[in-house]
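Everything below concerns the one structure shown next.
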Amino acid sequence: MGCYCSKFTSCCFISEHNGPVNEAKNAENEEKGEISDLPSFREFSVEQLRIATSGFAFENIVSEHGEKAPNVVYKGKMDNQRRIAVKRFNRSAWPDARQFMEEAKAVGQLRNHRMANLIGCCCEGDERLLVAEFMPHETLAKHLFHWEAQPMKWAMRLRVALYIAEALEYCTSKGRALYHDLNAYRIVFDYDCNPRLSCFGLMKNSRDGKSYSTNLAFTPPEYLRTGRVTPESVFYSFGTLLLDLLSGKHIPPSHALDLIKDRNLQMLTDSCLEGQFSTDGGTELVRLASRCLQYEPRERPNPKSLVAALIPLQKETEVPSHTLMGIPHGEEVLSLSALGEACLRMDLTAIHEIIEKLGYKDDEGVTTELSFQMWTNQMQDTLNSKKKGDAAFRHKDFRVAIECYTQFIDVGTMMSPTVFGRRSLSHLMNDMPEEALNDAVQAQVISPVWHIASYLQASALFALGRENEAQIALKEGSILEEKRTTNS
């Protein structure tokens, strides 16, 4: 969910009369995996959430979105600096306001350390929004299918399987056994890099409960027959998740079952895992997956038996999740702006959106210089090159943008950091990271305190695989941006 977690101070939400009874109750809750330091579920206004997400800004989108995923998740920040994830539903998803509120309040009663918990909702006019803890380290799909630095380790994959099984066991024990469309995008990672189950899947998206949206090749057989999901359907989906973890790919269950039947486990196993796990561990996970993928719902395991089967498989149990994931921990994680986060995840489209919205506001002093020199024919040609470059940049024709900005730069009479910045991003868009790095460095030479130059350097360094240098540039950009915000 997109990412947001909660490290809230307990003094804000726990009674002042904390005696032995409360301490005992908290200890009991922790044993069950329940969280006692989260705020109570509450209703938000649209305006509060609009402010928190900077007007539902494009750069704050943290979920897959488009025609196939009309319900968008945004990151946001409340007045008290608590970070949140806000899911904004398609206007037709919840025509019945009362049903939406009832569902949200029921899900909002759940509190578990294996879940990204729901902390509020909004139901105003046609707007239907959910507010949850923010999870900063993205989705399982990102780390499993689209990894950049390193593939997910076998021990971490086993931990994901166990923690999600525990989350489903908790939901079942609380009377919320139906989880809609369980998949790798529904699993997110908190500040400690522990996997959590998104609470959003506990909300059905329509009055009749028909909320399944994955490719039909991965849909439980009973859904194809009846158009409805049951608690047993959830464990069919859990079986597909186990296949994802084992293979590092999204394999249709029918194909996977054929491979299992032919005992062709090598074809099923992620080649990146070679040497990381014993045959016994892999065989047991395959066995669990095939049990979950049984055609008859009644033959599938329940969550309690899944948890019991997964516990003995756990490896490196003393190693923290952030270490297994290779991600800096706690205070080491930078608090990044939308632009900083876009650079960190190499989301060039989001970077382009932000730079385009900014325009040339950061060209301090350049505008005056331009106005003085417009009277010469040569300068007019130069300005035309820049205008053509801007138009090409706006329309994402980055090759033409490079050509036009190069003509402007080569004249050499005016030094514009933003032109170098735009050409830097254009180079990145054309898979030219060395050229992008050179331009970003030149932009910072012209304007040493321009934070975007540092961020673009970070993006180019990430593209070049120079991870440590990229992190340093990212931190410098964050510091410069914070100073700029403080002074403005």
Checked segment 256-289 for anything of a type in the set (S, T, N, Q) and surrounded by 17 or more Cβ atoms within 10 Å (Cβ to Cβ); matches are Thr269
Search result, residues across segment 132-152 that are in a loop (DSSP other than H, G, I, E, B) and either of a type in the set (A, V, I, L, M) or modelled with pLDDT of 95 or more (or both):
Met135, Ala149, Met152
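Can you find a residue that is in a loop (DSSP other than H, G, I, E, B), assigned by TED's automatic domain parsing to the domain that holds Gly477, over 16 Å from Arg399 (Cβ atoms) and among the hydrophobic types (A, V, I, L, M, F, W, C) anywhere in segment 439-451? Explain how you work it out, then say what you get.
Here is the first cut: in segment 439-451, the residues in a loop (DSSP other than H, G, I, E, B) are 447-450.
Next, from what is left, pick out any that are assigned by TED's automatic domain parsing to the domain that holds Gly477: 447-450.
Now drop any that are not over 16 Å from Arg399 (Cβ atoms), which leaves 447-450.
If we keep only those that are among the hydrophobic types (A, V, I, L, M, F, W, C) too, we end up with 449-450.
Yes, segment 439-451 contains a residue that is in a loop (DSSP other than H, G, I, E, B), assigned by TED's automatic domain parsing to the domain that holds Gly477, over 16 Å from Arg399 (Cβ atoms) and among the hydrophobic types (A, V, I, L, M, F, W, C).
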Just one listed residue, out of Leu344, Leu383, is under 27 Å from the mean Cα position of the chain (by Cα), assigned by TED's automatic domain parsing to the domain that holds Ala436 and at pLDDT 75 or above, and it is Leu344
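Let's see how each residue does on (1) part of a loop (DSSP other than H, G, I, E, B); (2) assigned by TED's automatic domain parsing to the domain that holds Glu467; (3) more than 22 Å from Arg159 (Cβ to Cβ); (4) in contact (Cβ under 8 Å) with a residue 40 or more places away in the chain:
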site: His250; (1), (2), (3), (4): yes, no, no, yes
site: Leu257; (1), (2), (3), (4): no, no, yes, no
site: Cys272; (1), (2), (3), (4): no, no, no, yes
site: Leu285; (1), (2), (3), (4): no, no, no, yes
site: Leu288; (1), (2), (3), (4): no, no, no, yes
site: Arg298; (1), (2), (3), (4): no, no, yes, yes
site: Pro301; (1), (2), (3), (4): yes, no, no, yes
site: Ile311; (1), (2), (3), (4): no, no, no, yes
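Does segment 388-407 contain any residue that is among the aliphatic types (A, V, I, L, M), crowded, with 17+ Cβ neighbours inside 10 Å and farther than 22 Å from Leu461 by Cβ?
Checked segment 388-407: at least one residue is among the aliphatic types (A, V, I, L, M), crowded, with 17+ Cβ neighbours inside 10 Å and farther than 22 Å from Leu461 by Cβ.
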Does at least one position in segment 460-468 carry a residue that is within 23 Å of the chain's Cα centre (by Cα), at pLDDT 85 or above, under 16 Å from Leu344 (Cα atoms) and buried (at least 24 other Cβ atoms within 10 Å of the Cβ)?
yes
Single condition Asn438 does not satisfy, out of (1) farther than 20 Å from Glu356 by Cα; (2) within 26 Å of the chain's Cα centre (by Cα)
(2)
Determine, yes or no, whether Ala436 is in the same structural domain as Glu341 (by TED's automatic domain parsing), at pLDDT 90 or above, of a type outside the set (Phe, Trp, Tyr) and surrounded by 17 or more Cβ atoms within 10 Å (Cβ to Cβ).
yes
Matching residues in segment 84-131 - criterion: being assigned to a helix (DSSP H, G or I), surrounded by 20 or more Cβ atoms within 10 Å (Cβ to Cβ) and among the aliphatic types (A, V, I, L, M):
Ala104, Val107
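Name the single residue, out of those in segment 154-194 being charged (D, E, K, R) and modelled with pLDDT of 95 or more, that is farthest from the chain's Cα centre (by Cα).
By that ranking, first place goes to Lys174.
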All-but-one check, Leu425 against (1) in contact with a Lys or Arg (Cβ under 9 Å, 6 or more places away or on another chain); (2) at pLDDT 90 or above; (3) crowded, with 16+ Cβ neighbours inside 10 Å, failing number (1)
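The values are calculated or read from the model by the stated rules, or taken from the named source; none is laboratory data. Since we're looking at a predicted model, the values are computed, not measured. A quick note on method: Cβ atoms are made from the backbone with ideal geometry, for glycine too, and the neighbour counts reach across all protein chains shown.
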